[in-house]
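The structure appears below as structure tokens.
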Amino acid sequence: NHLAFTGATPGRTVNGSVVGNGGSVSVSGSDTSGTINVNTGNNPTAGCFGRVNFGQAFATTPKVIVSPVGSGAGQTQYYVDRNASGFSICTANAAPANQAFSYDYFVAG
């Protein structure tokens, strides 16, 4: 048997200066699990790529488990900033320029 978490795709906020000129961030999945796709542009910087805004806030700050997908994500010193209404994936160093990579996530209240 497989677990499946359904629901509306959460909202997102993109930090254009961190993903670089021409970069983008998209989210697929639900409040509980999904994938954040990052496409960096020119001159990305350290900081938060973007924020996943839960469709329905949790009662307390949930646990957020993140797994990098692809070598670009693996090169980042990533961390999560979280609260009851959403979370951000951030990097301590600039991500590689002009690359596409992802982070899978799982959230538990």
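Can you find even one residue in segment 39-52 that is more than 18 Å from VAL19 (Cβ to Cβ) and either surrounded by 19 or more Cβ atoms within 10 Å (Cβ to Cβ) or at pLDDT 95 or above (or both)? Looking through segment 39-52, none of the residues is more than 18 Å from VAL19 (Cβ to Cβ) and either surrounded by 19 or more Cβ atoms within 10 Å (Cβ to Cβ) or at pLDDT 95 or above (or both).
Scanning segment 43-56 for residues that are of a type outside the set (A, V, I, L, M, F, W, C) and not in a strand (DSSP E or B) turns up ASN43, PRO44, THR45, GLY55, GLN56. Only one of the listed residues (GLY20, GLY29) is in contact (Cβ under 8 Å) with a residue 60 or more places away in the chain and under 15 Å from ALA108 (Cα atoms). That residue is GLY29. Considering segment 57-109, and only residues there that are of a type in the set (S, T, N, Q) and not in a loop (DSSP other than H, G, I, E, B), the residue that is surrounded by the most Cβ atoms within 10 Å (Cβ to Cβ) turns out to be SER88.
The values are calculated or read from the model by the stated rules, or taken from the named source; none is laboratory data. These numbers were taken from a predicted model, which means no experiment stands behind them. Virtual Cβ from ideal backbone geometry, glycine too; neighbours counted across all protein chains shown.
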